[in-house]
Amino acid sequence: MGVKVFVVDDSAVVRQALAHMLSGNAEIELIGSAPNPLLAMDMIRKNPPDVLLLDIEMPGMDGLTFLRQIMASSPIPTVICSTLSTEGSKVALEALASGAVAVLAKPKLGLKQYLEDSRREMIQTLKTAAKSKPRGRAPSVDWPSPKPGGQKASVLSSVHAFAMNKPVVIGSSTGGTQALELVLTSLPADAPGIAITQHMPEKFTAMYAKRLDGICSMEVREAKDGDRLERGLVLIAPGGLHMQLQKNAGQYFVRVADGPPVNRHKPSVDVLFRSASECAGRDVLGMILTGMGDDGARGMKVLHDGGARTIAQNEETCVVFGMPKEAIKLQAVDDVLPLDQMARAIMQFDSRA
């Protein structure tokens, strides 16, 4: 028996196209569909699916409200399939923060052809989601609290701006938006500079960075080519571009550029990790968080063998224990920690002589 999928989308065309696309795969079983969450609620209560494929913008109860209700009562792995307009992307980010496993884009035009072209990606995403451990909104943590007034690292005293410039590089994928939020909101404004590659569509990264910037003590922004990575700053690789760490005159910078996908991803965690090893050697901390696949595992091995400190998220707190598991298999990891200990590990690394 395949993965049981239930579709909630107000468009009859979408429901028909998805039914046609999924029906030809022996690993997927489409058990039903509904045009809105109100009808879906009763149907999935009687016959719970393994994965919910959910639209966001629908009349009546919207998909986000429905998702939050599902996650609060009986969590079901949920994949968002939505038109990613500017407003739609903001809501989809909120869906990820509320427990959705992944987001897939659908265009307003050429929908049937797009769904057929994206068949392989969607089926793989649904299969991975079925194995995930969905969580509601990430709980807040007590250490350390944000600075009053929202003070950002860019206005910190120059004493801290360049002292002990030891960078942190983080890679994550499925479940990573929530995981990163918990880690970054737990760091003080003068924490070491952090470069992050999170697998995310192009339209998402700028808004995701803006969202994090509003709730973190550190400054968070989407990386631009040539940005200097300094204390108190988090740079997130733009969707659709690779990000590398470089060093010049004792300072770290990022190079953001196009290129072929690596491990089927762009940006790729391996690209960031390998570049960090080349320019920072032992003076870098590498972390690999929740995500499907193996992107970042070989790059973390390069970091580890070069003397860098490396940490993987443990299975119990991962939404998908894929990327960390592969890094552990390669013996590329010094420590395996739960998510709520990652921020403390960063600050301990920073204080190390």
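The values are calculated or read from the model by the stated rules, or taken from the named source; none is laboratory data. Model, not experiment: these values are computed from the prediction. All Cβ positions, even for glycine, are placed from backbone atoms using ideal geometry, and neighbour counts span all protein chains on display.
A few remarks follow.
- Close Cβ contacts (under 7 Å, 6 or more residues apart or on different chains) running from residues in the range 214-231 that are surrounded by fewer than 14 Cβ atoms within 10 Å (Cβ to Cβ) to residues that are part of a strand (DSSP E or B) comprise Lys224/Val256; Asp225/Arg255; Asp225/Val256; Asp225/Ala257; Gly226/Phe253.
- All conditions but one from (1) under 17 Å from the mean Cα position of the chain (by Cα); (2) in a helix (DSSP H, G or I) apply to Ala276; the one that does not is (1).
- Total residues in the range 318-335, condition touching a residue at least 24 places away in the same chain (Cβ under 8 Å) and outside any loop (DSSP other than H, G, I, E, B): 7
- Of all residues in the range 255-286 being in contact (Cβ under 8 Å) with a residue 12 or more places away in the chain and farther than 24 Å from Val333 by Cβ, the one that is surrounded by the fewest Cβ atoms within 10 Å (Cβ to Cβ): Asp258
The rows are residues; the columns are (1) part of a loop (DSSP other than H, G, I, E, B); (2) under 20 Å from Leu96 (Cα atoms); (3) not basic (Lys, Arg).
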site: Gly171; (1), (2), (3): no, yes, yes
site: Thr174; (1), (2), (3): yes, yes, yes
site: Val183; (1), (2), (3): no, yes, yes
site: Ala191; (1), (2), (3): yes, no, yes
site: Lys203; (1), (2), (3): yes, yes, no
site: Ala206; (1), (2), (3): no, yes, yes
site: Gly214; (1), (2), (3): no, yes, yes
site: Val220; (1), (2), (3): no, yes, yes
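- Filter pass, Asp50 being assigned by TED's automatic domain parsing to the domain that holds Leu104, surrounded by fewer than 22 Cβ atoms within 10 Å (Cβ to Cβ) and within 20 Å of Ala100 (Cα to Cα): yes
- Entry remark, the range 279-297: residues being over 14 Å from Ile194 (Cβ atoms), under 13 Å from the mean Cα position of the chain (by Cα) and of a type in the set (A, V, I, L, M, F, W, C) number 1 in total.
- Out of Val14, Val8, sole residue that is aliphatic (A, V, I, L, M), assigned by TED's automatic domain parsing to the domain that holds Met122, in contact with an Asp or Glu (Cβ under 8 Å, 6 or more places away or on another chain) and modelled with pLDDT under 90: Val14
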